[in-house]
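Every number here is computed from the coordinates shown, using simple stated rules; none is lab data. Since this is a predicted model, take the numbers as computed values, not measurements. Positions of Cβ are generated from backbone atoms using ideal geometry, with glycine treated the same way; all protein chains shown enter the neighbour counts.
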Amino acid sequence: MQPLVLVRRLPERGAGVAALCMALLVETATAQALRDYKCIVERVASADASAIHMKFQMYFVGKEFTVDRRTGVMAGNLKNSYTTSPVVVDAGSTENSFKAVTTLRKEQGLGPGSNAYLLVVNEYVDSPKKPFLFAENDDVYFGTCTHF
């Protein structure tokens, strides 16, 4: 989301330069606040604890994906956007987690059922590595994300 910045032409040249500098600072701060994520999966859990299912899920440990913070779309080994798009519930801040939710109803998908996806990145953590949780139906992936 681009901030709307109106600059009024001022009679003094110095005041116009000051207004332009202020507009650039607002734009830079907004762009900085929405840096995308690069994430790595460190652990996987599932409601289905069968050996075959867990072996399949363990394939994802060590794999990477990226997150566009503006749209919430994940790309890479884990995805949350197939025929529907995620909704960014919270862009994240020093006080809140980034949250994106995607739903895929039975009639919207390609398979026999519905799907739900939830991505939470703890943006508020005061560290370059931000813990994340990604739930895909009954499978849950844990790891860390960094800005890039």
#### Entry: Paramagnetic reach from VAL87 in segment 111-127 [backbone N under 14 Å; point 7 Å along Cα→Cβ]
116-119
### Query
For segment 34-148, what are the per-bin percents of Cα-Cα distances with bins 10 Å wide, up to the bin holding the maximum?
14, 46, 32, 7, 0
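Which order do the peptides 139-146, 91-98 take when ranked by the mean count of other beta-carbon atoms within 10 Å per residue, highest first?
139-146, 91-98
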